[in-house]
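Remarks on the structure that follows.
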Amino acid sequence: MGLIAAGDWLRRAEADLPEVRHPFEVVGAAAPALILAPHPDDESIGCGGLIAALTAAGVPPEVVVLTDGAGSHPGAPGLAARRMAETRAATAMLGLPAGRLRFLGLPDGDLATHADAAVDLLASCFAAAPPVTILASWRHDPHADHAACAAIARRLATALRPAPPVLSYPLWGLAFAHPIPGFPLPDPPRLAAPPRGLRLGIGAQRDAKQRAIAAHASQHMPDIDGVPGFALPPALLALSDRPFELYLREA
């Protein structure tokens, strides 16, 4: 089995993976799934269409945001609370019931250090009723918290009985396939070909997804109350405004 660079691998996934129309074909059954987001907004950017589709189908997922998101504009007053409020508004636009959203509030930028605590807490929350599938950020995403979220998902799956499958959704990693001027990337990893997974058609959910992403207003601002920070590049946001979402399985 050959290895190919991540950008080529993702472009092949976008072109060749089978496209499904019903969300149960992604999660595998008409039962609750668990979506792990490393930061507030990642749930909308990566899985907004799936969240809306599952909720409309009568089986809303559990969405757990792992970090407080306060690292986007370090020192901005009240940013963690603001990002929580933005996430509540965003997921409400996707139809998600408020009781299906949880926040762990771990430190933004240092998720790996708190991985043990996150796995233990999530395992206790879901031991009695394991999710049918766990969805988490892609382990090759070029952000330490995104990679840590992926590792937490894999460890959580092995801690639950029955062990649910894990699917990955790419976020910043899409820039390997679609380079963004000024957006720094490490050398791309090389992955086993062919890619595995599927594409979920989200034509009916596309507008709601874009409204949810826009609700994360702080992440579109390079400056909050005089505090400079990270703003999502428009070219990266454009990659979320497509008629499908990628859900990946890796060997």
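Computed values, structure above
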read-out	value
Equivalent ellipsoid, the chain (semi-axes from 5 times Cα gyration tensor eigenvalues, Å)	24, 22, 19
GNM top mover of Pro23, Pro130, Pro228 - the chain, alpha-carbon springs below 10 Å	Pro228
Charged-residue dipole, Cβ positions (Lys, Arg, Asp, Glu), the chain about Cα centre, Debye nearest 20	620 debye
Percent of Cα-Cα distances greater than 25 Å, calculated over region 56-153	21 percent
Kirkwood-based shape ratio for region 1-94, expressed as Rg/Rh from alpha carbons	1.07
Leading residue at positive end of dipole, the chain (Cβ point charges), from Pro222, Val132, Ile180	Val132
Burial ordering of Val132, Val20, fewest other beta-carbon atoms within 10 Å first	Val20, Val132
Simple Cβ-charge dipole of region 74-194, Lys/Arg +1 and Asp/Glu -1, about Cα centre, in debye nearest 20	360 debye
Residues Ile45, Ile51 arranged by fewest to most Cβ contacts within 10 Å	Ile45, Ile51
Relative contact order, percent, the chain [alpha-carbon distance under 8 Å, six or more residues apart]	31 percent
Volume per residue that the Cα convex hull of region 116-251 spans, once the total is divided by residue count, Å³	154 Å³
Helix-derived mean residue ellipticity, 222 nm - over the chain, DSSP H n ≥ 4, -39500 (n - 2.57), to 500	-11000 deg cm²/dmol
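No value in this document is a laboratory result; all are computed from the given coordinates. In this text, all values refer to a predicted model and were calculated from it rather than measured experimentally. For neighbour counting, all protein chains shown are included, and Cβ atoms are generated from backbone atoms with ideal geometry for every residue, glycine included.
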